[in-house]
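> Quick one: the structure is below, questions incoming.
The values are calculated or read from the model by the stated rules, or taken from the named source; none is laboratory data. Just so we're clear, the structure is a prediction, and the values are computed from it rather than from any experiment. Neighbour counts are summed over all protein chains in view; Cβ atoms, including those assigned to glycine, are modelled from backbone coordinates with ideal geometry.
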Amino acid sequence: MLKRGPYLQMQGPNQIEVCWRTDAFVLSGSVHFGNVAGHLSHTVDARQIQTPFGGTKDWRATITGVLPNHKYYYSICVDRQILHDGDQEQFFFTAPEIGKSHRVRFWCLGDSGTNRVGTANPGKARRARNGFRRYNKQPINAMLMIGDHAYSHGKDEQYQSAFFDLYADELCKTAIFPYAGNHDLLSDDFFYIFHVPNRGEFGGVPSQQMTYYSFDYANIHFVMLDLYKQPWRTLDTPQMQWLEQDLAATSQDWIIVVNHIPAFCHGRYNSDEIDYYRPIQQTVLPLLDKHGVDLHLSGHDHTYQRSYLIDGHYGASNSFSPEKHIKFDGDGINKPIFKRHGAYSGIVHVISGTAGSFASADESGHRSGTLGYPAMIKFENGDENGRGFRRLGTFLLTIDGLELRGTQMDDEGQILDDFRICKVR
Ligand SMILES: [Fe+2]
C-alpha cells in the first residue's frame, strides 16, 4: 500500500510537512502526532498532490501550530489503517526559532544519485551513506541536498531507487531541503516530487521558484542557487537580482550558499579549462563576497576540495595570490579560522561531490584537474597534489552560535577534513 516515504519537508519552527506515496486505489490519508510516543493526540488530514506518475497517489499533510525545536512522534494513516504506530523510532523535529542560536547539524549530500534503478551492484552511494551512519550517533536537524540525487535524468523511478529507498531510515525522521543539480533537471519530475520554501515561509526574499530559494534556520540564512536551468549569467537576470536583494536583506549570523556547480575546482573538472565557470567567478562570486557570505557549498566535481578563507579571486588559478586573496592565515583544522562579519570578509568554498562516487585519477583526461588548485587547502594525506580527496564521503555541517564546523567523512566513517570558523561580530 505504501510506495514511498514517509518523508519530511517544509520544516520550519512552527510547521512541517509529512509526505508519502500510496497505490492509486487509496482514498484518504492523515497524520497522527503528539509529544509522547504511543499517545498521538492530534490529527491532520493529508491532501492528494497531482502528479504525472501513473498507478500511484502522492500525499502531503501540513502540520502547523507546533513548537520550535521540538520532537514530535507521528504515525500515518491510510484509509483508516495506521501504517506506522508512532513508536520511539517514528518522530520529527521542528526547526529552532529563527534568529536564535542553537547547535544545529545538517547532513549534506553531493552527487549521491548512483544507486541506479535495477542495478546489480547496490552502488557506491550506499557505502558513503554507511560511512556517515558509522560516524554519526546523534540526531541531525535536516538533510541538505547539494544536487544530482537521481542519475541519470532525475526521473521519478530514479529518485525512488537512488534517494527514497537508499535514505529511507533517515528520511522518515529528518527533514530535507530539496535542491536540484544538472542531472535532476533533465526531467521535470523534481517539480512534482518536492516542495520548497520559496515564498518566504521561513524568512528570505520570496523567489517563487522551485530551483532557487532561500530560508532562515536558527541563526543561519541559507540560499540555494540554480546555475543551470534558470538564467543567471548576468546581473540583470531575475535570479541574480533576487540574489542581490535577498543577501542584502538578511541580518543572520551566518550566510551559507548552496550551489551545485562550484566556482573553481581541480578534480574531475579543471575550472580553468571550462568556460562554464567564468560567469560563476565573475558575476556570482563578487555578489557573494560583497554580501559577506561565509560558506559556499558545492558538489558536481566528484571529489572533496576546500578552500582557505578567501576574497576577491575571480580569475584563473594562475591569478590566485595567497598574499592578496587569503583573509586568514590558517587551514582551520587545529585552530579555527577567525572571520569577521560583513562585506568582503572572505568565503570558505567547499566541494563535496562524493556521496555517490569519486572521480579517480585514472579517469582524468582532457579538462580534468589533479587536486592542485592553489586556493584549496593542502591536506597531509590528500590525494595527488594534496589539495583534496578522491574518496567517497559526505559532509556534516554543524553550527553552534558563532562557531561553524565542517566535517567530511569517508565511507569508513573516518574523518578526511574537520575545520572550524569562528565568527567575530
Ligand atoms: Fe552535476
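> Failed condition for ALA150, given (1) within 21 Å of GLY54 (Cβ to Cβ); (2) outside any loop (DSSP other than H, G, I, E, B), with all others met?
(2)
> Looking at HIS291, HIS260 in this structure, which one is within 16 Å of the ligand (Cβ to nearest atom) and farther than 21 Å from HIS366 by Cβ?
HIS260
> In region 37-72, what residues are closer than 23 Å to GLU97 by Cβ and more than 29 Å from the chain's Cα centre (by Cα)?
Listed by number, the list holds a single entry, HIS42.
> So LEU144 fits all but one of (1) away from the ligand (no atom under 16 Å from the Cβ); (2) part of a strand (DSSP E or B); (3) more than 25 Å from VAL26 (Cα to Cα); what number is the exception?
Every listed condition holds for LEU144 apart from (1).
> Scan region 82-103 and give yes if some residue there is among the aliphatic types (A, V, I, L, M), closer than 27 Å to ASN259 by Cβ, surrounded by fewer than 23 Cβ atoms within 10 Å (Cβ to Cβ) and not assigned by TED's automatic domain parsing to the domain that holds VAL350, otherwise no.
yes
> Something else about it: For region 224-279, name all the residues that are assigned to a strand (DSSP E or B) and closer than 22 Å to LEU186 by Cα.
Scanning region 224-279 gives MET224, LEU225, VAL258, ASN259.
> Another question, if that's okay. Looking only at region 352-410, filter to residues that are surrounded by fewer than 19 Cβ atoms within 10 Å (Cβ to Cβ) and basic (Lys, Arg); which one of those is farthest from the chain's Cα centre (by Cα)?
So, considering only residues that are surrounded by fewer than 19 Cβ atoms within 10 Å (Cβ to Cβ) and basic (Lys, Arg), the one farthest from the chain's Cα centre (by Cα) is ARG367.
> Can you report the number of residues in region 1-56 which are under 22 Å from PHE202 (Cα atoms) and of a type in the set (Ser, Thr, Tyr)?
Qualifying residue count for the region: 1.
> Regarding LEU8, is this residue under 16 Å from PRO197 (Cβ atoms) and either under 21 Å from the mean Cα position of the chain (by Cα) or touching a residue at least 60 places away in the same chain (Cβ under 8 Å) (or both)?
yes
> Does ALA162 count as buried (at least 23 other Cβ atoms within 10 Å of the Cβ), in a helix (DSSP H, G or I), in contact (Cβ under 8 Å) with a residue 40 or more places away in the chain and away from the ligand (no atom under 15 Å from the Cβ)?
For ALA162, the condition - buried (at least 23 other Cβ atoms within 10 Å of the Cβ), in a helix (DSSP H, G or I), in contact (Cβ under 8 Å) with a residue 40 or more places away in the chain and away from the ligand (no atom under 15 Å from the Cβ) - is not met.
> Could I ask something else about it? Out of region 134-156, which residues are out of contact with any Asp or Glu (no Cβ under 9 Å at 6 or more places or on another chain) and farther than 21 Å from THR303 by Cβ?
Those that are out of contact with any Asp or Glu (no Cβ under 9 Å at 6 or more places or on another chain) and farther than 21 Å from THR303 by Cβ: ASN136, LYS137, GLN138, PRO139, ASN141, ALA142.
> Of everything in region 174-201 that's within 16 Å of the ligand (Cβ to nearest atom) and either among the charged types (D, E, K, R) or assigned to a helix (DSSP H, G or I) (or both), which residue is surrounded by the most Cβ atoms within 10 Å (Cβ to Cβ)?
So, considering only residues that are within 16 Å of the ligand (Cβ to nearest atom) and either among the charged types (D, E, K, R) or assigned to a helix (DSSP H, G or I) (or both), the one surrounded by the most Cβ atoms within 10 Å (Cβ to Cβ) is ASP184.
> Of the residues SER357, SER345, SER352, which single one is within 16 Å of the ligand (Cβ to nearest atom), closer than 15 Å to HIS296 by Cα and polar (S, T, N, Q)?
SER352
> Mind telling me which of the residues ARG405, ARG391 ends up being at pLDDT 95 or above, more than 16 Å from the ligand (Cβ to nearest atom), part of a loop (DSSP other than H, G, I, E, B) and among the charged types (D, E, K, R)?
After applying the criteria, what remains is ARG391.
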